[in-house]
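The values are calculated or read from the model by the stated rules, or taken from the named source; none is laboratory data. Being a predicted model, the structure only gives us computed values, none of them experimental. Virtual Cβ from ideal backbone geometry, glycine too; neighbours counted across all protein chains shown.
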Amino acid sequence: MPAPTWYTLALPMARNSGSIKNDLAAALAMTQQDLAELFGVSRRTIQRLKGDLLFLSPARFSHAAVAMYPKDPELAARLAAQGRTTLEQLGLVRPALPPPSAARPTISPTAPTPISPAAADSVVCAAADAMNLSPRALRPGLLAAFSRAHALGLSVEAVKAWLESGDKSL
């Protein structure tokens, strides 16, 4: 026979879970009936626990943390911890941002990726074919265009996108 949802024997809990019950009752001026409704158990169950909430399931603590958060975020965090979760995992607070150094990795300047002469020649030939010119005639123009793009910090993708857009606003 499975154990009731409020009873978990093998779950190690913090030693001060009884004080959580007292803190809850004091923070909200709760009766035992109010505590029972908060945890989703009967009033008799709350009475049986006598200030010791060790046998409530993690889901009950999580439910109580969600209900408590608007009134007492610190107590809600303690309840969430008893339920083996966090306020972030319950969706009550945003996760902390990583430190700025971790957010932006430093990029060290590196040498350009070497390409094979055949790959570079393929680019020149594609441009020459599109212009109906010889690769020898087109090479100085391509060098000037790529040099300017590099000096301006433009990527090949950015130049290509602009050329494909057909924007002739020069």
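Six or more apart or on different chains, Cβ under 9 Å: which pairs go from a residue in region 62-76 that's in contact (Cβ under 8 Å) with a residue 40 or more places away in the chain to one that's part of a helix (DSSP H, G or I) and surrounded by fewer than 17 Cβ atoms within 10 Å (Cβ to Cβ)? Could you list them?
That search, which allows pairs on different chains as well, returns MET68/ALA27; MET68/LEU28; LYS71/ALA27; LYS71/LEU28; ASP72/ALA27; ASP72/LEU28; LEU75/ALA27.
Considering only region 91-98, I want to know if a residue exists there that is modelled with pLDDT of 75 or more, part of a helix (DSSP H, G or I) and either aromatic (Phe, Trp, Tyr) or over 30 Å from ALA137 (Cβ atoms) (or both).
So far as region 91-98 goes, no, none of its residues is modelled with pLDDT of 75 or more, part of a helix (DSSP H, G or I) and either aromatic (Phe, Trp, Tyr) or over 30 Å from ALA137 (Cβ atoms) (or both).
Please determine, by comparing only the residues of region 7-30 that are at pLDDT 65 or above and not in a helix (DSSP H, G or I), which one is surrounded by the most Cβ atoms within 10 Å (Cβ to Cβ).
MET30
Provide a single number: the residues in region 73-86 that are surrounded by fewer than 19 Cβ atoms within 10 Å (Cβ to Cβ) and not in a helix (DSSP H, G or I).
Qualifying residue count for the region: 3.
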